[in-house]
Amino acid sequence: MALIETENLSFTYPSGMKPAVEDISISIEKGDFVVLTGPSGCGKTTLCRCFNGLIPHFYGGKLEGNITVAGYNVAKCLVYELARHVGLVFQNPENQLFALSVEKDVAFGLENCGMPRDDMRKRVDWALQMTGIEELRERAPHELSGGQQQRVAIACVLAMQPEVMVFDEPTSFLDPLGAQKIFEVINDLNKELGITVILVEHRLDLASRYANHVIVMNEGKIVLDGEPHKVFNSERARLIGVGIPKATRLYQILRENGLKLSKVPINSEEASQFLRKILTHD
Amino acid sequence: MSVFDGLKFRKVSSPVHNLDPRVKFFFVCVLFVVAVMFFQLLPLLVLFFVPIPFVLVARVKREWIRSLKGASMLAFIIFFFNFIFNYIYNEYPNIPSASLIEYSVAMTLRFVVLVETFSVFFLTTSPDLLGLALEQSHVPYEFCFAFTTAVRFVPVLADEAQTIMDAQKSRGLELERGNFLKRIKNYIPILIPLIVSAIRRSLELAEAMESRAWGATEKRTNLYVLRLGKTDYALAFTSIFMLVVAILVWRFVPIPPLSVILSFLQL
């Protein structure tokens, strides 16, 4: 069985007239790196909240269909139980750090779980090391830059050693370089620790190179779901207004003009490789 | 708001900063109680000098003096009212006596002692440690959390207020215009967005807390633990000693007014 499975999942907020997400059926395997994208307001964040039980437990509202995450039925499992298996990193780093030192913030979840102090110390050190922020441990979160704050937020979630980590637009408050660093950290977590990653992102040029599974949403529904090259090359993705990688767009333009590359590229390395091949052939 | 500048904490390490906040708080309370016990100038003058070595060791002289400067206006008002009302009530129409002036100065000094000790306490105690001290004193964790979070978000909200003020000003809002009531009214377009955004922020915070297993166990653990060291015990004993001496003096030793001592010295 897949790590995350949803079946005809629909959810309506208590104040909503129509469902925020509708008829979602997806399955995500263990170890996947999923990029979830789509125009603003299409229900990506709502879906993220379903993964760790904030929906329906925190928000109320009407949940229909089935969703299981790491073997738990989300509708019946409390948020704090799910929190040990699913970590959620939010968009605004400022509003997810509450302590007055980085270290204490990273320990927050573990303290809540009642972990003994010595074990906690080891976990905190490990999480700080994995995210490369050991030297910030004594600093106050509000003194840090956005990129550093977001790495602290990742460390906070990582310290709980979840099987799944969900990132809800973690880079939207960051500059390109900061975003790049965050993606690298996320990629390391996925490749080295085998954590299943779900990344909600608009910056597909940067994010898509790490993904092996892309899901595109629009107006609360799943539009495309599958392997990145296929998804990005589909006409629909472009028409919805998803910022498909420039390499893929280049491929499409070249094809319209009669030049067909051997494969669909999704990042600049691939594009240059395929182009070079064609140029040397001629 | 320069009074509050003296209450802002800056992270540095010194023997005073490293003292246990519980012991430090006890010490402050003792000073507080002793200051309220006496109304004569001499003991209050002694009390005035007690926090000064702490200020020097902690190297927070600048901030400390700033907080005293901030309090000087209030101190002056206290002196003024004590003096005027006592004079009208007791001695009018004679010229004011030395003892009246001394009494007013003593009352003012009492206030200054309170301000300076609290200022030293807040300048040298990290809010984090303070929260921890509350927690280890068996205050329910929800309260401790609310306290540290409040402290954590003060600078954030201040920034936000500034942003909103700039935004509203750039749309033509004039804050410094009109009479007193009008000026207060001017701040409504600042307050409403600030409150709305604070509520939004608190919802996001709640979400983040939930996602990090808030309330998972009854028995929460803590990364840090406060332990009393040698200097902590030393300060605790000093405080108790001070309290005992103060009570004995208060009970058994008549304290002459300063004017009497001065005239005695002149002879």
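The numbers here are math on the coordinates, done by the rules we state, and not lab data. Worth saying up front: this structure is predicted, and the values here are computed from it rather than measured. Note that we place each Cβ from the backbone using ideal geometry, even for glycine, and neighbour counts take in every protein chain shown.
Sorting B:M107, A:M217 from the fewest to the most surrounding beta carbons within 10 angstrom yields B:M107, A:M217. Work out, in µm²/s and without decimals, the Stokes-Einstein translational diffusion coefficient of chain B at 25 °C, 0.890 mPa s, Rh from Kirkwood over C-alpha pairs. Translational diffusion coefficient: 109 µm²/s. 3J(HN,Hα) couplings calculated from phi for the range B:28-37 with the Karplus curve 6.51 cos²θ - 1.76 cosθ + 1.60 (θ = phi - 60°) are, in sequence order, 4, 5, 4, 4, 4, 5, 4, 4, 7, 5 Hz; Gly and Pro show x. Take each residue in A:95-106, count the other chain C-beta atoms within 10 Å of its C-beta, and the mean is 6.
Inter-label distance, A:S27 to B:S197: 4.6 nm, where each label sits 7 Å from its Cα along the C-beta direction. The Cα-based radius of gyration and maximum Cα-Cα distance (Dmax) for the protein assembly as shown are 31.6, 116 Å. For the range A:81-87, backbone phi angles converted through the Karplus equation (6.51, -1.76, 1.60; θ = phi - 60°) give residue-by-residue couplings of 6, 5, 4, 6, 10, 10, x Hz, Gly and Pro being listed as x. Most tightly packed first, judged by the mean number of other beta-carbon atoms within 10 Å of their residues, the peptides A:198-207, A:59-68, A:124-133 read A:198-207, A:124-133, A:59-68.
Placing +1 on the Cβ of every Lys and Arg and -1 on the Cβ of every Asp and Glu, with no other charges, gives chain A a dipole of roughly 560 debye about its Cα centre. About its Cα centre, the dipole of the range A:54-176 is roughly 360 debye, where the only charges are +1 on Lys and Arg Cβ and -1 on Asp and Glu Cβ. Considering only B:A158, B:I190, B:V139, and ranking their Cα positions along the charge dipole of the range B:132-211 that arises from unit charges at the beta-carbon of Lys, Arg, Asp and Glu, the one farthest toward the positive end is B:I190. Counting neighbouring Cβ atoms within 10 Å and putting the fewest first, the residues A:H57, A:H281 line up as A:H281, A:H57. By the count of neighbouring beta-carbon atoms within 10 Å, fewest first, B:W214, B:W64 end up ordered B:W214, B:W64. Please work out the Cα center distance from the range A:221-282 to the range B:248-267, rounded to the nearest Å. First find each Cα centre; the distance between them is then 94 Å. Between the C-alpha center of the range A:101-115 and that of the range B:155-188 there is a gap of 38 Å. The Cα atoms of the range B:132-211 define a convex hull whose projected area, averaged across directions, is 7.3 nm². Peptide B:201-210 is shielded by partner chain Cβ atoms: per residue, an average of 6 of them sit within 10 Å of its Cβ. Computed from Cα atoms, the angle from the helix A:146-158 axis to the main principal axis of chain A rounds to 70 degrees.
For the residue pairs A:K122/B:K219; A:K230/A:K260; A:K191/A:K260; B:K11/B:K219, the C-alpha atoms sit more than 22 angstrom apart in A:K191/A:K260; B:K11/B:K219. For A:K76, the lysines whose Cα comes closer than 17 Å to its Cα, not counting residues fewer than 8 places off in the same chain, are A:K62. Partner lysines whose Cα lies under 26 Å from the Cα of B:K182, excluding those fewer than 8 positions away in the same chain, are identified as B:K169.
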